[in-house]
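Please read the structure below before turning to the comments.
The values are calculated or read from the model by the stated rules, or taken from the named source; none is laboratory data. Note that this is a predicted model, so its numbers are computed, not measured. All Cβ positions, glycine included, derive from the backbone under ideal geometry; neighbour counts span all protein chains shown.
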Amino acid sequence: GGEDQEAPALSQAELKKQSMQEVRRSLPIFPYREDLLAAIHEHQILVIEGETGSGKTTQIPQYLLEDGYTKGGMKIGCTQPRRVAAMSVAARVAEEMSVKLGNEVGYSIRFEDCTSERTVLKYMTDGMLLREFLTEPDLASYSVIIIDEAHERTLHTDILFGLIKDIARFRPDLKVLVASATLDTERFSCFFDDAPVFRIPGRRFPVDIFYTKAPEADYLEACVVSVLQIHVTQSPGDILVFLTGQEEIEACCELLQERCRRLGSKIAELLVLPIYANLPSDMQAKIFNPTPPGARKVVVATNIAETSLTIDGIIYVIDPGFCKQKSYNARTGMESLIVTPCSRASANQRAGRAGRVAAGKCFRLYTAWAFKHEMEETTVPEIQRTNLGNVVLLLKSLGINDLIHFDFMDPPPHETLVLALEQLYALGALNHLGELTKLGRRMAELPVDPMLSKMILASEQYKCSEEVLTIAAMLSVNNSIFYRPKDKVVHADNARMNFVVPGGDHLVLLNVYTQSGHSTQWCYENFIQFRSMRRARDVRDQLEGLMDRIEVEVVSSQEDSVPIRRSRSGYFYHTARLSKGGYKTVKHQQTVYVHPNSSLFEEQPRWLIYHELVFTTKEFMRQVIEIESSWLLEVAPHYYKSKELEDSSSKKMPRKQGKTKEELG
Ligand code: ADP
Ligand code: MG
């Protein structure tokens, strides 16, 4: 017998597993496990409210699995508004269950499916679950759907509310859980016919809030100074900084690293870690590593760290009070990303991140007056400030024709809905009765914006689908292709110039993709981000895989750019013409400018189509391509009158064709 034998020392892996189980049991949700399961058993729809970090996202699906909800291969689906959250949480849960990510636990985000036949816990973006309705309208393979982070009120989450409420009526066996941070839960309950609310009491330590005396002129610089001040003067504890996007975050991290280098051994070690949506996943994972003793960690994050991800050990929060928001003008149909003050609800969530493990401090880089008078109470739901083209197309393909009477929690503005219908009609996706056309059905198959899917489908006619697929893929990894480190700006810009071909930015992107050959060495030498290229290739592969389904033959235009630019005319909403000092959009005469990064910044051709508008210091068009006005009449005769497209001068636009590099050099 082995009774008197010494127990073998636990292996590293077993130790880790044990401590992870301890962490699981220490989460605020754990004491409520049985009550929660009982409530789920009793009610079909349950709203669950709990402080960020209480364990909703990582624990509830595991509890359900342990309770038998995946018997017979049924799945538990959990939606997340953000890609990063879906990936990161799935990875964490796979680790807690000691399974390989992609087996029992997986995730599905646009252009990336990390699930298998065996997957029973599926984390996914809300947009992906929406697309699953196309293939499985009653979600028959799911026993439970968790709509997580419901308070974020993304467009896709809001649409899911309506669809899931509807299918729950004829699928009494389906459990629906609506999980949210401590916001808005009464409204969710009300929407779901007074579903009960299960509250998980949070543990929260007090957070002291500090305001600035005067507004900050440069909040980025103010963040950097605040981080260093905390680092030098305050007791141990990690720092979380909220910025609005990748560019700001990278700039902030660079500044911090540079100043720490200069201070050298005069200060303790400061680990600077960024987190944003496009950050490669191995880098994302780093924010969760425990801080080594004696050092301090500073995580520089987008809104993602507000409620979607919990980073343990944060004691200090720095909040400049801004976020990047989509805004939509339903009159002109223009959508743009704007940095705006965040809401008071957001600011309070941010502050809350400082009080999870101990009493904390939140430094607001704005005045107390601004908090009271310049910030909105809550964030406006996305459905009320975005283009609805995508969602309307999807709902139409699900057979939902009467959108005016769809069960919206907060209905979109009437004009926005009407404009979406008009645009889909103009694109040929709907007929004059508002019914889906064959083209519309094919467009809905592609997981991209209607204008982009129209471009892909138009490429068939112009015989350049090969190139257009590449461009579509490159556009989807937007703005992260070119690498421009601060200390090598000149080299990077020169490298970029080498890719310029006539015609516009889309052709430059195509040129980069074609030349790259997907070699790391090549990318490194040419200041191209290898990871973005790899992602573009994945996206392209997936899109190409769908071409069969929508019956588009993949053929090449053989280096002629005209057909490519013509396919692009599907973006006829995004047309601008040169006028004094800048450009004017054709339909609404709004003044816009070519982005300084564009290959056409200096050339200023007469007619342009842009991929998107961003508002920074001005309204900039990003990713522009030169077109001829006559093409617009050809693709959208119902949208343009020839008068609108007359050139002011009688001279015809010089005809340029994008040629290959050999012909240029
Ligand atoms: P909620 O959804 O209620 O905000 P989560 O389930 O996301 O809470 O997180 C619960 C806890 O799980 C966190 O406090 C943290 O300790 C741990 N955790 C979550 N995700 C990760 C991760 N990727 N790495 C390490 N720990 C994590
Ligand atoms: Mg969560």
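Any chance segment 74-89 includes a residue that's more than 25 Å from PHE188 (Cα to Cα) and within 16 Å of ligand 2 (Cβ to nearest atom)?
yes
Please indicate, with yes or no, whether at least one residue in segment 501-511 is surrounded by 15 or more Cβ atoms within 10 Å (Cβ to Cβ), out of contact with any helix residue (DSSP H, G or I) (no Cβ under 8 Å at 6 or more places or on another chain) and closer than 30 Å to ASN329 by Cβ.
Looking for residues that are surrounded by 15 or more Cβ atoms within 10 Å (Cβ to Cβ), out of contact with any helix residue (DSSP H, G or I) (no Cβ under 8 Å at 6 or more places or on another chain) and closer than 30 Å to ASN329 by Cβ, one finds at least one in segment 501-511, hence yes.
Which residue, of GLU415, GLU374, is at pLDDT below 95, farther than 21 Å from MET128 by Cα and not assigned by the TED database to the domain that holds MET443?
GLU374
Can you go through LYS75, LYS56, LYS71 and tell me which one is basic (Lys, Arg), closer than 21 Å to LEU177 by Cα and within 11 Å of ligand 1 (Cβ to nearest atom)?
Checking each option against the conditions leaves just LYS56.
Only one residue in ALA495, ALA536 is surrounded by 14 or more Cβ atoms within 10 Å (Cβ to Cβ), at pLDDT below 95 and out of contact with any strand residue (DSSP E or B) (no Cβ under 9 Å at 6 or more places or on another chain), so which one is that?
Sole residue among the options that is surrounded by 14 or more Cβ atoms within 10 Å (Cβ to Cβ), at pLDDT below 95 and out of contact with any strand residue (DSSP E or B) (no Cβ under 9 Å at 6 or more places or on another chain): ALA536.
For segment 282-321, what are the residues that are away from ligand 1 (no atom under 13 Å from the Cβ), hydrophobic (A, V, I, L, M, F, W, C) and touching a helix residue (DSSP H, G or I) at 6+ places or on another chain (Cβ under 7 Å)?
Hits for segment 282-321 are VAL298, VAL300, ILE315, VAL317, ILE318.
Kindly state which strands (runs of 3 or more DSSP E) lie completely within segment 572-630 and contain at least 2 residues that are of a type in the set (A, V, I, L, M, F, W, C).
Filter on segment 572-630 gives 575-579, 591-594, 607-615, 619-626.
On the given criteria, is ASP126 under 17 Å from the mean Cα position of the chain (by Cα), outside the structural domain of SER397 (by the TED database) and without any contact (Cβ under 8 Å) to a residue 12 or more places away in the chain?
no
Condition first: among the aliphatic types (A, V, I, L, M), in contact with a strand residue (DSSP E or B) (Cβ under 7 Å, 6 or more places away or on another chain) and either touching a residue at least 40 places away in the same chain (Cβ under 8 Å) or surrounded by fewer than 20 Cβ atoms within 10 Å (Cβ to Cβ) (or both). Now tell me which residues in segment 422-453 satisfy that.
LEU436, the sole residue that qualifies.
On the basis of being within 16 Å of LEU174 (Cα to Cα) and either out of contact with any Asp or Glu (no Cβ under 9 Å at 6 or more places or on another chain) or among the β-branched types (Val, Ile, Thr) (or both), does ILE29 make the cut?
Criteria not met by ILE29.
So which residues in segment 551-568 are in contact with an Asp or Glu (Cβ under 9 Å, 6 or more places away or on another chain) and surrounded by 19 or more Cβ atoms within 10 Å (Cβ to Cβ), if there are any at all?
VAL552, SER557, SER561, PRO563, ILE564, ARG565, ARG566, SER567
Could you pull out the residue among LEU46, LEU65 that is within 16 Å of ligand 1 (Cβ to nearest atom), farther than 17 Å from VAL178 by Cβ, hydrophobic (A, V, I, L, M, F, W, C) and buried (at least 16 other Cβ atoms within 10 Å of the Cβ)?
LEU65
Condition check ((1) β-branched (Val, Ile, Thr); (2) touching a Leu at 6+ places or on another chain (Cβ under 6 Å); (3) surrounded by 12 or more Cβ atoms within 10 Å (Cβ to Cβ); (4) at pLDDT 95 or above) across all residues:
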site	(1), (2), (3), (4)
VAL89	yes, no, yes, yes
GLU104	no, no, yes, yes
SER108	no, no, yes, yes
GLU112	no, no, yes, no
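Starting from segment 262-277, keep only residues that are without any contact (Cβ under 8 Å) to a residue 24 or more places away in the chain, then list their pairs with residues that are in a strand (DSSP E or B) whose Cβ atoms are within a distance under 8 Å, requiring at least 6 positions of separation or different chains.
none
Residues being under 21 Å from GLU377 (Cβ atoms) and either crowded, with 20+ Cβ neighbours inside 10 Å or touching a Pro at 6+ places or on another chain (Cβ under 7 Å) (or both): count how many of those fall in segment 326-353.
So the answer is 8.
Checking GLU96 against (1) within 16 Å of ligand 2 (Cβ to nearest atom); (2) over 30 Å from ARG187 (Cα atoms); (3) at pLDDT below 95, which single condition isn't satisfied?
(3)
Mind listing just one residue for me: the one in segment 8-43 that is without any contact (Cβ under 8 Å) to a residue 40 or more places away in the chain and within 16 Å of ligand 2 (Cβ to nearest atom) and, of those, surrounded by the most Cβ atoms within 10 Å (Cβ to Cβ)?
LEU27
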